[in-house]
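Structure record follows, encoded as structure tokens.
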Amino acid sequence: MAKILDHPVIPSELEVAQARKSFEALKQDSSDTHFILGSQTGQKVPLTENAFDYLLSILNELSKGHAVLIVPIQAELSTYEAAELLGVSRPFLIRLLDKDELPYRVVGRHRRIPAKELLAYKEKTHKRRSTAVAEMSSADDEIYGLGD
């Protein structure tokens, strides 16, 4: 029976090996139109291509021994969870909230950040950093003549 994953799944060594085996087998399959998920009881259900791609991504991460967490886009995260997702400290996240750089709502005494807004912020900062790195690299190339 399926269970709701509300915490990261940290794979055991056996699970890493199985994920690696499954990922490699599925990655090498040349079929591109029929995606089916099956159980040991013989139950088989079709999957959309997007769902199959997500499962393949999860297997890939598990095969590397990485923890996986699935967060619905409509979820609201605690400040601790949001900081973990952004890869920043909780005090840094609180400062972002206090500066109104991220929307949140208060439930009792606790702040809740919409996952959708958090992921949009993460994408925006990633793009901004990538642009800055490209500009610095370009400036270095011009200064040191490395672009030729």
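Hey, Leu47 hits all of (1) in the same structural domain as Arg20 (by TED's automatic domain parsing); (2) out of contact with any strand residue (DSSP E or B) (no Cβ under 9 Å at 6 or more places or on another chain); (3) surrounded by 12 or more Cβ atoms within 10 Å (Cβ to Cβ) but one; which does it fall short on?
Among (1) in the same structural domain as Arg20 (by TED's automatic domain parsing); (2) out of contact with any strand residue (DSSP E or B) (no Cβ under 9 Å at 6 or more places or on another chain); (3) surrounded by 12 or more Cβ atoms within 10 Å (Cβ to Cβ), Leu47 violates only (2).
Quick one: which of Ser12, Ser89 is exposed (fewer than 15 other Cβ atoms within 10 Å of the Cβ), free of Cβ contacts under 8 Å to residues at least 40 places away in the same chain and within 30 Å of Arg129 (Cα to Cα)?
Ser89
Ala82 is checked against (1) of a type outside the set (Asp, Glu); (2) in contact (Cβ under 8 Å) with a residue 12 or more places away in the chain; (3) closer than 18 Å to His126 by Cα; (4) surrounded by fewer than 16 Cβ atoms within 10 Å (Cβ to Cβ) and fails just one. What number does that condition carry?
The one condition Ala82 does not meet is (4).
Would you confirm, using the coordinates I've provided, whether Leu96 is in contact with a helix residue (DSSP H, G or I) (Cβ under 7 Å, 6 or more places away or on another chain), in the same structural domain as Ala120 (by TED's automatic domain parsing), modelled with pLDDT of 85 or more and surrounded by 10 or more Cβ atoms within 10 Å (Cβ to Cβ)?
Values: in contact with a helix residue (DSSP H, G or I) (Cβ under 7 Å, 6 or more places away or on another chain): no; in the same structural domain as Ala120 (by TED's automatic domain parsing): yes; modelled with pLDDT of 85 or more: yes; surrounded by 10 or more Cβ atoms within 10 Å (Cβ to Cβ): yes.
Against the criterion (in contact with a helix residue (DSSP H, G or I) (Cβ under 7 Å, 6 or more places away or on another chain), in the same structural domain as Ala120 (by TED's automatic domain parsing), modelled with pLDDT of 85 or more and surrounded by 10 or more Cβ atoms within 10 Å (Cβ to Cβ)), Leu96 does not qualify.
When both residues are 6+ apart or on different chains and their Cβ atoms are under 9 Å apart, which pairs have a first residue that lies in segment 19-43 and is within 13 Å of Leu56 (Cα to Cα) and at pLDDT below 85, and a second that is in a loop (DSSP other than H, G, I, E, B) and not basic (Lys, Arg)?
Close Cβ pairs satisfying both conditions: Phe35/Leu47; Phe35/Thr48; Ile36/Leu47; Leu37/Gln43; Leu37/Leu47.
The values are calculated or read from the model by the stated rules, or taken from the named source; none is laboratory data. In this text the structure is predicted, and so the values were computed from the model without any measurement. Cβ atoms come from the backbone with ideal geometry, glycine included; neighbour counts cover every protein chain shown.
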